[in-house]
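Asks: One structure, as structure tokens, below. Some questions next.
The values are calculated or read from the model by the stated rules, or taken from the named source; none is laboratory data. Since the model is a prediction, treat every value here as computed from it, not as a measurement. Cβ placement follows ideal geometry from the backbone for every residue including glycine, while neighbour counts extend to all protein chains displayed. With ligands, DNA and RNA removed, areas are computed over all heavy atoms of the protein, side chains included. Shrake-Rupley method; radii C 1.70, N 1.55, O 1.52, S 1.80 Å.
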Amino acid sequence: PSAMPLQASARQGAFVLEDLPLGAYQIYAELPSAGSVQAELARDGEVVQVVLPAPTLSTIEGHVVDAEGSPLAEAWVMVAPLSFLDRPDTAAFAPVLTDSDGAFVLPGLGPGRYHLRAQGRDSVAEQWDVAAGATDVLLRAIPAPAQITRL
């Protein structure tokens with residue numbers, strides 16, 4: 001009823017939302033576009049069980065290059081759904097390492113838009129709003145800001 005997203009707790013192979021006020025709810029796994037189910041609580045103490053469709057998983061593929069356009073090998077590429085950025089306590093996906101050609105593949109991504117960040121030894125690259133399924137992402141790394149040491 002408040003239109004605020006709620007996070008379910010994992011319990012015995014299911015996800016549980018407890019002590020909800022009466023009203024209508026849209027239940028979804030992370031992204032509403034991945035498929036949702038409507039549920040309504042009409043009586044105190046009512047329990048409603050829903051089964052959600054599993055989203056089709058895809059990848060994001062691309063290359064990381066340095067400022068001159070040369071492949072950046074052994075850079076860590078991290079990904080997080082844009083919806084995670086306002087919830088820093090939510091775990092993102094495991095980072096992947098670029099190969100000798102600077103190529104990377106980020107697997108197991110649900111439908112939606114993502115933020116990518118590549119971190120090389122002394123460089124960094126970012127790209128916002130990348131769609132799951134993208135196959136030609138180019139991250140151009142720039143020198144990382146110098147670290148400030150306090151004396």
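Asks: Filter the stretch 3-26 down to the residues that are modelled with pLDDT of 80 or more, touching a Leu at 6+ places or on another chain (Cβ under 7 Å) and open to solvent by 100 Å² or more (accessible area, probe 1.4 Å) and list them by number.
Replies: Once the filter is applied, which keeps residues that are modelled with pLDDT of 80 or more, touching a Leu at 6+ places or on another chain (Cβ under 7 Å) and open to solvent by 100 Å² or more (accessible area, probe 1.4 Å), the stretch 3-26 yields nothing.
Asks: Among the candidates GLY69, GLY62, GLY133, GLY108, single out the residue that is out of contact with any helix residue (DSSP H, G or I) (no Cβ under 7 Å at 6 or more places or on another chain), in a strand (DSSP E or B) and either acidic (Asp, Glu) or exposed (fewer than 15 other Cβ atoms within 10 Å of the Cβ) (or both).
Replies: On the way: GLY69 fails: in a strand (DSSP E or B); GLY62 fails: either acidic (Asp, Glu) or exposed (fewer than 15 other Cβ atoms within 10 Å of the Cβ) (or both); GLY133 fails: in a strand (DSSP E or B).
When all the criteria are applied, what remains is GLY108.
Asks: Which ones in the stretch 35-59 are more than 18 Å from GLY112 (Cα to Cα) and open to solvent by 70 Å² or more (accessible area, probe 1.4 Å)?
Replies: Listed by number, the residues that qualify are GLN38, GLU40, ARG43, ASP44, GLY45, VAL47, GLN49, VAL51.
Asks: Out of the residues in the stretch 92-105 that are at pLDDT 95 or above and surrounded by 11 or more Cβ atoms within 10 Å (Cβ to Cβ), state the one that is nearest to VAL79 (Cα to Cα). Working first, answer last.
Replies: In the first step, residues of the stretch 92-105 are kept if they are at pLDDT 95 or above; the result is 96-105.
Among the residues that remain, those that are also surrounded by 11 or more Cβ atoms within 10 Å (Cβ to Cβ) are: 96, 98-99, 101-105.
On the way: VAL96: 9, THR98: 13, ASP99: 17, ASP101: 20, GLY102: 16, ALA103: 15, PHE104: 11, VAL105: 11 Å.
Step by step, filter the stretch 92-105, then rank; the result is VAL96.
Asks: Still on this structure, I have one more. Out of (1) on the phi > 0 side of the Ramachandran plot; (2) modelled with pLDDT under 90, the odd one out for GLY133 is which?
Replies: (2)
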